[in-house]
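Here's the structure we're looking at; comments come further down.
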Amino acid sequence: AGAAAGPRRRCGMEPAGEAEEPPGFPALPVEEPQDGQPLEPPPGEAALPAVTGRERCRRGAGAQGPGVRAARGKGRWAPCRRGGEEGGRAARRPRVTVDSSKAKTSLEALKISLRQLRWREFPFGRRLPCDIYWHGVSFHDNDIFSGQVNKFPGMTEMVRKITLSRAVRTMQDLFPLEYNFYPRSWILPEEFPLFVDEVRMMKDSDPSWKPTFIVKPDGGCQGDGIYLIKDPSDIRLTGSIQSRPAVVQEYICKPLLVDKLKFDIRLYVLLKSLEPLEIYIAKDGLSRFCTEPYQEPTLKNLHQVFMHLTNYSLNIHSGNFIHSDSVNTGSKRTFSSILCRLSSRGADVKKLWSDIISLVIKTIIALTPELKVYYQSDIPAGKPGPTCFQILGFDILLMKNLKPMLLEVNANPSMRIEHEQELSPGVFENVPSPVDEEVKVAVIRDTLRLVDPQKKKRKDISPIIFKNSERQRKESYKANIRYNYFVCCRCQTLESVSEGKEEALETGPGEGEECEGSRGPEAGLPSLCLKQVFPKYAKQFNYLRVVDRVAALFIRFLGVKGTTKLGPTGFRTFIRNCKLSNSNFSMAAVDILYIDITRRWNSMGIDHKESGMCLQAFVEAFFCLAQKKYKSLPLHEQVASLIDFCEYHLAALDEKRLGCGRG
Ligand code: ADP
């Protein structure tokens, strides 16, 4: 069965893929001299709204030869002294500073965004602190002690296939119905026997069930090493699978097809803050298409990657791949164009969008407990450090019945806005990709607008918050239509399909979300393409955040700052302080529980750097204790009851200590 997926790619010459940016991907050289001066648009363009990438392309970046470099060339945006009202105003206002020296392949989209915002870019870094550090790969790309970084510590580890599957599974154990948007998965090699047993049992109970499974190596991206199987015995257990862990997942056999082709959706999600939790979703994303007409998997077609895998990086090598300048044709389109098409066929796209919002919020709720552990370890409370935000790429597959299913989350979604074209054999050129540019520049620019450190200051000065009223939005569209026609059309399309007033989660402007419309420092910019979904919908989802509360207990007992694992003494203190030990559960039994669970989790080989009990092991121990103490309840109620019990005793202890302190 199934052959390894995909042709080989040229190292360091990746096209604009949608997968994670591989760690260590080299940044393109930047040719501007660093003289500490901001990059300014040329005088003639100062009064115009910020220039878009599309205009930049039209004005000749493409004609200037191998793509992006020409656009970044010395003569393009020479630093200039400007007169005029706009320049005067800008000069009075201190401008946001951004260190782009580690931006790697997102550099080009970032540069366009910064020009649109008229912020100061430091492409080679800066001796003084910057307001924002834009990293291409991870939080740890730089030593930073202030400002904001566009990555959370631990995010890359959290969204690896195995870690994500584990985090979602914990939530599936607690809330099976709420988390049925993730295919049933098993972790290899350790769960291979379980996989075999469960499949056999399901086949026995339903002989008509003819499943297909997809095997994905952990940490892989762009379809690397993925293959399909019909039976557990087809797994390649020899050699690499032992040394390279993987996830095996139920294959979704009946995806929604457009033009007879399978496609998936890449949605951009901004995690603006972990505490308090703030989530935004981009109103538009990308749809990546297969290049062979889809057929349900059979032994004969299992190996046909162009039929079953939607990865851009694979399908680009198919002779059928269609590059298109239009957002609604070709092998890569905007998601809004798909929604329009579905809507015209009578599909309930409002419900679909609401389901997608729900999927995103629930997935992030599954990730936050462990992210908080990483966060306190890298940025301990009370020590100087930056705050973080991050753009995530959600890969979603729509089933035939329009149910969205989560495939994976990317910590470093590709932000490249150009793709390679082979001019003649072996000669490649980077050419702008309009679809990528439409979506990605808006996401980066609006992320920056949302984390703008000066926005808060401005808010404090001006009591007026311009709400994004219908009239204002229209004004804003008109003002921008000349330079950003597609963005406006897309926003309107999506808003008009999603602005349900009923129970569906709508995506209109969130409460407290501001749009400065055609006035203020963001004059001329389109309304935000990112819409707040949390805390906007907190009421509907807060009941799911139980593991967050377990993580808070775990963090409290970690003790030494900078660690992510709990030692045996910390675990004993937790048990003692929460009054969980009694005649039926002695401290000796506590030690045995600690050793058993910790040893098992550590033998799974996730992180050997530190010894002790990781959060997932603690969660398992906590569930165990909850089941013991509250036998008759469903699991989520057992866990919630035990949390209440622990929190009550800890609060009493704190109160007592406070009293002693005062005494
Ligand atoms: P990678 O990180 O290597 O891209 P993905 O999990 O995104 O790995 O899987 C690659 C592709 O395989 C997806 O884009 C999708 O087309 C297909 N795929 C992945 N999981 C499933 C699944 N459970 N059912 C159907 N297709 C899937």
Worksheet item: So how many residues does region 640-663 have that are closer than 20 Å to Gly570 by Cβ and either outside any helix (DSSP H, G or I) or open to solvent by less than 20 Å² (accessible area, probe 1.4 Å) (or both)?
Response: 4
Worksheet item: In this structure, is Phe618 touching a strand residue (DSSP E or B) at 6+ places or on another chain (Cβ under 8 Å), open to solvent by less than 60 Å² (accessible area, probe 1.4 Å) and closer than 15 Å to Ala552 by Cα?
Response: yes
Discussion item. So Ala551 passes all but one of these: (1) under 26 Å from the mean Cα position of the chain (by Cα); (2) of a type in the set (Gly, Ala, Ser); (3) over 17 Å from Ile365 (Cα atoms). Which condition number does it fail?
Written reply: (3)
Practice prompt. Being at pLDDT 95 or above, aliphatic (A, V, I, L, M) and not assigned by the TED database to the domain that holds Asp378 narrows it down to one of Ile132, Ile162, so name that one.
Written response: Ile132
Worksheet item: Filtering region 441-468 down to residues that are in contact with a Cys (Cβ under 8 Å, 6 or more places away or on another chain) and at pLDDT below 80, which residue is surrounded by the fewest Cβ atoms within 10 Å (Cβ to Cβ)?
Response: Lys467
Worksheet item: Which residues, counting only those in region 316-361, are within 16 Å of the ligand (Cβ to nearest atom), in contact with a Leu (Cβ under 8 Å, 6 or more places away or on another chain) and over 30 Å from Phe175 (Cβ atoms)?
Response: Lys332, Arg333
Worksheet item: Looking at region 263-281, which of its residues are more than 11 Å from Leu530 (Cβ to Cβ) and either in contact with a His (Cβ under 7 Å, 6 or more places away or on another chain) or β-branched (Val, Ile, Thr) (or both)?
Response: Ile265
Worksheet entry | Top-ranked residue in region 170-203 [being touching a strand residue (DSSP E or B) at 6+ places or on another chain (Cβ under 7 Å) and open to solvent by 60 Å² or more (accessible area, probe 1.4 Å); ranked as farthest from Asp224 (Cα to Cα)] | Leu194
Fill in: Scan of region 363-393 for residues that are farther than 18 Å from Glu178 by Cα, within 15 Å of the ligand (Cβ to nearest atom) and not small (Gly, Ala, Ser), ordered by number
Leu392
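Being in contact with a helix residue (DSSP H, G or I) (Cβ under 6 Å, 6 or more places away or on another chain) and either within 16 Å of the ligand (Cβ to nearest atom) or at positive phi (or both): is that true of Leu402 here? Give the steps one after another, and end with the answer.
Working: in contact with a helix residue (DSSP H, G or I) (Cβ under 6 Å, 6 or more places away or on another chain): yes; either within 16 Å of the ligand (Cβ to nearest atom) or at positive phi (or both): yes.
When the stated conditions are applied, Leu402 passes them.
Answer yes or no as to whether Ile365 is at pLDDT 95 or above, within 28 Å of Gln616 (Cβ to Cβ) and touching a Lys or Arg at 6+ places or on another chain (Cβ under 7 Å).
Values: at pLDDT 95 or above: yes; within 28 Å of Gln616 (Cβ to Cβ): yes; touching a Lys or Arg at 6+ places or on another chain (Cβ under 7 Å): yes.
Spelling it out, Ile365 is indeed at pLDDT 95 or above, within 28 Å of Gln616 (Cβ to Cβ) and touching a Lys or Arg at 6+ places or on another chain (Cβ under 7 Å).
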Fill in: Residue in region 561-582 that is modelled with pLDDT of 95 or more, open to solvent by 10 Å² or more (accessible area, probe 1.4 Å) and of a type in the set (Val, Ile, Thr) present
yes
Worksheet item: Hey, which of the strands (runs of 3 or more DSSP E) in region 250-355, taking only ones fully inside, have at least 1 residues that are more than 25 Å from Asp446 (Cβ to Cβ), modelled with pLDDT of 95 or more and open to solvent by less than 40 Å² (accessible area, probe 1.4 Å)?
Response: 261-273, 286-289
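Results for (1) in contact with a Phe, Trp or Tyr (Cβ under 6 Å, 6 or more places away or on another chain); (2) within 28 Å of Ala167 (Cα to Cα); (3) in contact (Cβ under 8 Å) with a residue 24 or more places away in the chain; (4) not assigned by the TED database to the domain that holds Ala552, shown as yes or no for each residue.
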residue: Ser313; (1), (2), (3), (4): no, yes, yes, yes
residue: Val327; (1), (2), (3), (4): no, no, yes, yes
residue: Thr334; (1), (2), (3), (4): no, no, yes, yes
residue: Leu339; (1), (2), (3), (4): no, no, yes, yes
residue: Gly346; (1), (2), (3), (4): no, no, no, yes
residue: Ile357; (1), (2), (3), (4): no, yes, yes, yes
residue: Leu367; (1), (2), (3), (4): no, yes, yes, yes
residue: Asp378; (1), (2), (3), (4): no, yes, yes, yes
residue: Pro384; (1), (2), (3), (4): yes, no, yes, yes
Practice prompt. Specify the residue that is nearest to the ligand (Cβ to nearest atom); the eligible residues are those in region 211-249 that are at pLDDT 95 or above and among the basic types (Lys, Arg).
Written response: Lys216
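Select, from Arg576, Arg556, Arg549, the only residue that is in contact with a helix residue (DSSP H, G or I) (Cβ under 7 Å, 6 or more places away or on another chain) and not polar (S, T, N, Q). Even if it seems obvious, please write down each step before you answer.
Values: Arg576 fails: in contact with a helix residue (DSSP H, G or I) (Cβ under 7 Å, 6 or more places away or on another chain); Arg556 fails: in contact with a helix residue (DSSP H, G or I) (Cβ under 7 Å, 6 or more places away or on another chain).
Exactly one of Arg576, Arg556, Arg549 is in contact with a helix residue (DSSP H, G or I) (Cβ under 7 Å, 6 or more places away or on another chain) and not polar (S, T, N, Q), namely Arg549.
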Worksheet, complete the sentence: Note on region 141-176: residues of a type in the set (Ser, Thr, Tyr) and either more than 24 Å from Val639 (Cα to Cα) or part of a loop (DSSP other than H, G, I, E, B) (or both) are Ser146, Thr156
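Being more than 21 Å from Ser358 (Cβ to Cβ), open to solvent by 10 Å² or more (accessible area, probe 1.4 Å), out of contact with any Lys or Arg (no Cβ under 7 Å at 6 or more places or on another chain) and modelled with pLDDT of 95 or more: is that true of Ala552 here? Steps first, answer last, please.
Details: more than 21 Å from Ser358 (Cβ to Cβ): yes; open to solvent by 10 Å² or more (accessible area, probe 1.4 Å): yes; out of contact with any Lys or Arg (no Cβ under 7 Å at 6 or more places or on another chain): yes; modelled with pLDDT of 95 or more: yes.
Here the answer is yes, as Ala552 does meet what is asked.
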Item to complete: Could you grab the pairs with beta carbons closer than 7 Å, sequence gap of 6+ or different chains, first residue in region 286-301 and touching a residue at least 60 places away in the same chain (Cβ under 8 Å) and over 14 Å from Leu257 (Cα atoms), second one basic (Lys, Arg) and away from the ligand (no atom under 11 Å from the Cβ)?
Response: Leu286/Lys332; Leu299/Lys230
Response to the item:
So the strands (runs of 3 or more DSSP E) completely within region 373-440 holding 2 or more residues that are surrounded by 17 or more Cβ atoms within 10 Å (Cβ to Cβ) and touching an Asp or Glu at 6+ places or on another chain (Cβ under 6 Å) are 390-398, 404-410, 427-432
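Applying the selection to region 626-639, what residues are open to solvent by 40 Å² or more (accessible area, probe 1.4 Å) and either more than 31 Å from the chain's Cα centre (by Cα) or not assigned by the TED database to the domain that holds Ser586 (or both)? So that I can check it myself, show each step before the final result.
Of all residues in region 626-639, those open to solvent by 40 Å² or more (accessible area, probe 1.4 Å) come to 627-634, 636-637.
Within region 626-639, Gln627, Lys628, Lys629, Tyr630, Lys631, Ser632, Leu633, Pro634 meet the criteria.
The values are calculated or read from the model by the stated rules, or taken from the named source; none is laboratory data. Values in this document were obtained by computation on a predicted structure and should not be read as measured data. Positions of Cβ are generated from backbone atoms using ideal geometry, with glycine treated the same way; all protein chains shown enter the neighbour counts. What goes into the accessible areas is simple: the full protein's heavy atoms, side chains included, and nothing from ligands, DNA or RNA. Shrake-Rupley method; radii C 1.70, N 1.55, O 1.52, S 1.80 Å.
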